[in-house]
Amino acid sequence: MDYFLSLTTTGLVMGIIYALMALGLTLIFSILSVINFAHGEFYMLGGYVSYFLLSTFTKLNPFLAIPVAGLAAALLGIVVERLFLRPMHQGQIERPDEYAILITFGLSFFFQNLVLAVFGPYPHRPTSFFSGAVSLGGMRIGADRLTASVISLLLLATLLVVINRTWIGKALRAVSQDKDAAAVVGINSLWMNTIAFGLGVGLAGVAGAVLAPTFSVAPDVGAVPAIRSYIIIVLGGMGSIPGSILGGLTIGLVESLGAGYFPDPSRALTYKTVFGLVIFALVLLFRPRGFFGREET
């Protein structure tokens, strides 16, 4: 039972972090109707911003690097949306779906090679938030990993409040449901697109910054989190914020329990991602629209 509780706790901790990453992607898709294939690279950039700040200003508190990384990713996302994605929503692009795929894929390769040229191919690890591990009811969890999950949980709660209680949040939800109706009541959908994209990639940047002390950063570090995020938003239902949170927790638990109880411990971590893909396949088979996806009419 202690072993099961330890695996469950680890799964929940990682699931919260996965949910933060996926929530940004969900926000972008629900407002812009675009799958951001460069989402993992914004996660990577957040980690590198944190590393650069903490290696340059050695006395800087590691927690201060988190909002800076998120803000840097958000500002870059706003520039990307204004320059490359806004023409698509202004009717200037003949085939917007293909255009969005090509642009985001191109940005992914560009950011990877840019970081490779600046920082090199080797992994870098910024300063830890706390050293050692934390005991929770007899279970020991890495302090950095627990810190990342607490920060992610606070951000998830804050974002839910913003989405459900503020004018900006209500405007975003209105645009996600019907852009024409939102325009009738005075909501500028183009500005909502910019806000959603900046906020979405900013969350990815924060996720990269909070996980960098645990997993380090490298030019290709965003690939696996991005794949998990795509799986999570499909599990939860495309565009569903509660679904993304539930999907993140589900993937975290399945990966942790699957690796923990795999018969061959030497191969357990190798197959860790596979357990999430199995759940993904089962959900697509029996509930194609995901946990909270809306039925097509």
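Throughout, read-outs are computed from the coordinates displayed, never taken from laboratory work. Just so it is clear, the structure is predicted and the values come from calculations on it, not from any experiment. With ideal geometry, Cβ positions are generated from the backbone for all residues, glycine too; neighbour counts draw on all protein chains shown.
Shown for Lys59, Lys179: other C-beta atoms within 10 Å of each C-beta, ranked fewest to most, produce the order Lys59, Lys179. Based on alpha-carbon atoms, the Kirkwood radius and the radius of gyration of the chain give Rg/Rh equal to 0.97. Taking amide hydrogens as placed 1.01 Å from N in the peptide plane, the amide H of Gly142 sits under 5 Å from those of Val134, each at least 5 positions away in sequence or on another chain.
For Phe291, nonlocal amide neighbours, meaning residues 5 or more places apart or on other chains whose placed amide H falls under 5 Å from its own, are Gly236, Gly237.
In degrees between 0 and 90, to the nearest 10, how far off the longest principal axis of the chain does helix 167-177 point, with axes built from Cα atoms? Computed tilt is about 70 degrees.
Local charge for Phe111 was computed over the other residues whose Cβ lies under 12 Å away, with Lys and Arg +1 and Asp and Glu -1, and equals -2. Here Ser149, Ser128 are placed in order of increasing Cβ neighbour count within 10 Å, fewest first, which gives Ser128, Ser149.
Rounded to the nearest 0.05, what FRET efficiency do Arg267 and Thr56 give with R0 = 51 Å and r taken as the Cβ-Cβ distance? Could you check? Rounded to the nearest 0.05, the efficiency is 0.80.
With neighbour counts taken as other beta-carbon atoms within 10 Å, the residues Val134, Val13, Val68 rank, fewest first, as Val134, Val68, Val13. Per-residue ellipticity at 222 nm from helix content only, as computed over the chain with -39500 (n - 2.57) for each DSSP H run of at least four residues, stands at -24000 deg cm²/dmol.
What number comes out for the charge environment of Ile227, summing +1 per Lys or Arg and -1 per Asp or Glu over other residues with Cβ under 14 Å away? Numbers along the way, then the final one.
Details: positive: Arg228, Lys272; negative: Glu41, Asp220, Glu255.
The answer is -1.
Between Leu154 and Asp178, how high is the FRET efficiency from 1/(1 + (r/R0)^6) when r is the Cβ-Cβ distance and R₀ = 35 Å? Nearest 0.05. Plugging the Cβ-Cβ distance into 1/(1 + (r/R0)^6) gives 0.65. Taking 0.36 nm per residue of separation and subtracting the current Cα-Cα distance, fully stretching the chain between Arg165 and Asn113 would add 14.7 nm. Counting Lys and Arg as +1 and Asp and Glu as -1 over every other residue whose Cβ lies under 11 Å from the Cβ of Asn193, the net charge comes to +2.
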